[in-house]
Amino acid sequence: MLRSMTGFARSERATPAGLLAWEIRSVNHRYLEVSLRLPEELRGSEAEYRRAIGAVARRGKVDASLYIRSVATTGRELTLDEAMLDRLIEQASAVRRRLGAEGRIDAVDLLRWPGVVREAERDTAPIAAAAMDLLAEALASFTTNRAAEGERIAQMLSSRASQVSTIVDEVRSRLPEVQSRIRVKMLDRLSTLSAEGNPDRLEQEIAILVQKMDVAEELDRLQSHVEEMSTTLASGEAVGRKLDFLMQEFNREANTLSSKSQDVETTRKAVELKVLIEQMREQIQNVE
């Protein structure tokens, strides 16, 4: 199944520690690049979260953020560092003696001083486990989202590949007529020359020129690429890079077809091929 590198998912769950929420989004990238935003207390679980994301995404720039919103009922016990508070009061009193009435001490300001009031340490293991469980749920939704987008891309690629195959058949069906026209045109040009030539040699030279302008091999290779694309799309692997290489091959044959063309209709078909190939190439840039 084809998967897009673009995806989004959000999952949240209420826990005793508060409301947990994972938000995952990704865009196309040459390799897999994972950026994690975690609460400081869960930094120790970062490697585990990265492995979980890497198990479902092979390419793409993935941004994953974990949010914890504490609720009133989950407030932790506060402890007061009385020794630090005493030192602060002593220093504040010294300032007040210098400033007089203007140097009053505000109790709230003292409590706001870093380290005076501390929250009791809490066990992060249950939170980390709940976050991992929620991440698995978010990644399942994320994978489904990418697969749905990948299916849309696969349908588009199949449609364009079918059009390429149709153009190849149309150009191939006109080959005898085009070759005959080239031969007649050359004979007409030769007839305008006053000098007489060896008929056998002339036929041989004409045959060589017609062969140089023959595009049958390019058409065969284009059809072979279409078949290879169909096989690749049916595989369940990450095929973005392989498809990108196929587009280069498609483009090479289309350019050769255009350069060899001695027929207006064939040239027009070569342009149509290039348009289809470019449309496929743009979509493949987003395939994992």
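The values are calculated or read from the model by the stated rules, or taken from the named source; none is laboratory data. Treat the numbers as computed from the prediction; the structure is a model and nothing was measured. Note: ideal-geometry Cβ built from the backbone for every residue, glycine included; neighbour counts use all protein chains shown. Each accessible area value is taken on the protein alone, full model and side chains, heavy atoms only, with ligands, DNA and RNA left out. Shrake-Rupley method; radii C 1.70, N 1.55, O 1.52, S 1.80 Å.
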> Which of the residues belonging to the stretch 271-288 are over 17 Å from Glu218 (Cα atoms), out of contact with any strand residue (DSSP E or B) (no Cβ under 6 Å at 6 or more places or on another chain) and not hydrophobic (A, V, I, L, M, F, W, C)?
Replying inline: Glu278, Gln279, Arg281, Glu282, Gln283, Gln285, Glu288
> Across the stretch 261-285, what is the number of residues that are open to solvent by less than 30 Å² (accessible area, probe 1.4 Å) and either among the hydroxyl-bearing types (Ser, Thr, Tyr) or within 15 Å of Ala154 (Cβ to Cβ) (or both)?
Replying inline: 4
> Is there a residue in the stretch 138-148 that is hydroxyl-bearing (Ser, Thr, Tyr) and open to solvent by 60 Å² or more (accessible area, probe 1.4 Å)?
Replying inline: yes
>> Among the residues of the stretch 218-229, are any over 14 Å from Val168 (Cβ atoms), without any contact (Cβ under 8 Å) to a residue 40 or more places away in the chain and not acidic (Asp, Glu)?
In response: no
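Rundown of residues vs (1) under 30 Å from Leu19 (Cα atoms); (2) open to solvent by 90 Å² or more (accessible area, probe 1.4 Å); (3) at pLDDT 80 or above, yes/no style:
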residue: Glu77; (1), (2), (3): yes, yes, no
residue: Leu85; (1), (2), (3): no, no, yes
residue: Ile89; (1), (2), (3): no, no, yes
residue: Val95; (1), (2), (3): no, no, no
residue: Leu99; (1), (2), (3): no, yes, no
residue: Gly103; (1), (2), (3): no, no, no
residue: Ala107; (1), (2), (3): no, no, no
residue: Arg112; (1), (2), (3): yes, yes, no
residue: Gly115; (1), (2), (3): yes, no, no
